[in-house]
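Notes follow the structure.
The values are calculated or read from the model by the stated rules, or taken from the named source; none is laboratory data. The structure displayed is predicted, hence computed values, not measured ones. Here the Cβ positions follow ideal geometry from the backbone for every residue, glycine too, while neighbour counts run over all protein chains shown. Calculation scope for accessible area: heavy atoms of the full protein, side chains included, ligands and nucleic acids excluded. Shrake-Rupley method; radii C 1.70, N 1.55, O 1.52, S 1.80 Å.
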Amino acid sequence: QGRLVESGGGLVQPGGSLRLSCAASGSAFASYGAAWYRQAPGKQRDLVAGITRGGATNYADSVKGRFTISRDNAKNTVYLQMNNLKPEDTAVYYCNRLTYRITWGQGTQVTVSS
């Protein structure tokens, strides 16, 4: 199935930016759509953004116009560019397939606070 390793999180002030990366090993993303999810404390894990194998994208309403998902199929890597971050974006961010999800990685913490 492969392994997923997220990175790029951190502490940022409101209005700031971060770029998350997800490195996949094996066949994790081969022939599959990929996505970023997030889970805030005490809440369920929600879909943030998805991208098909061909590059079509979709976003949660709360991040439209601020976040951009992209992928590099040759590198088996998916990115999430996050701009104009808000405190409500604070969460642990995970990547996985859009469907037929595999074992979750450790995630990367994003904290938006002044």
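Just a few scattered comments:
- Positive-end extreme of charge dipole, the chain - chosen from Tyr100, Thr90, Ala35 (charges on Cβ): Tyr100
- GNM flexibility winner over the chain from Ile51, Ile102, Ile69 (Cα, springs under 10 Å): Ile102
- Here the chain is described by how far its Cα atoms reach on the three principal axes: 40, 25, 22 Å, from widest to narrowest.
- A simple charge model with +1 on the Cβ of Lys and Arg, -1 on the Cβ of Asp and Glu and nothing else charged puts the dipole of region 1-87 at about 40 debye relative to its Cα centre.
- Solvent exposure of region 1-85 as accessible area per residue, Å², 1.4 Å probe: 51 Å²
- Percent RCO, i.e. relative contact order, over the chain, from Cα pairs under 8 Å lying at least 6 residues apart: 38 percent
- Qualifying trypsin sites (Lys or Arg not before Pro) for region 25-68 [loop in DSSP, other Cβ within 10 Å: at most 10]: Lys43, Lys64
- Region 1-44 versus region 66-100: alpha-carbon centroid distance in Å: 5 Å
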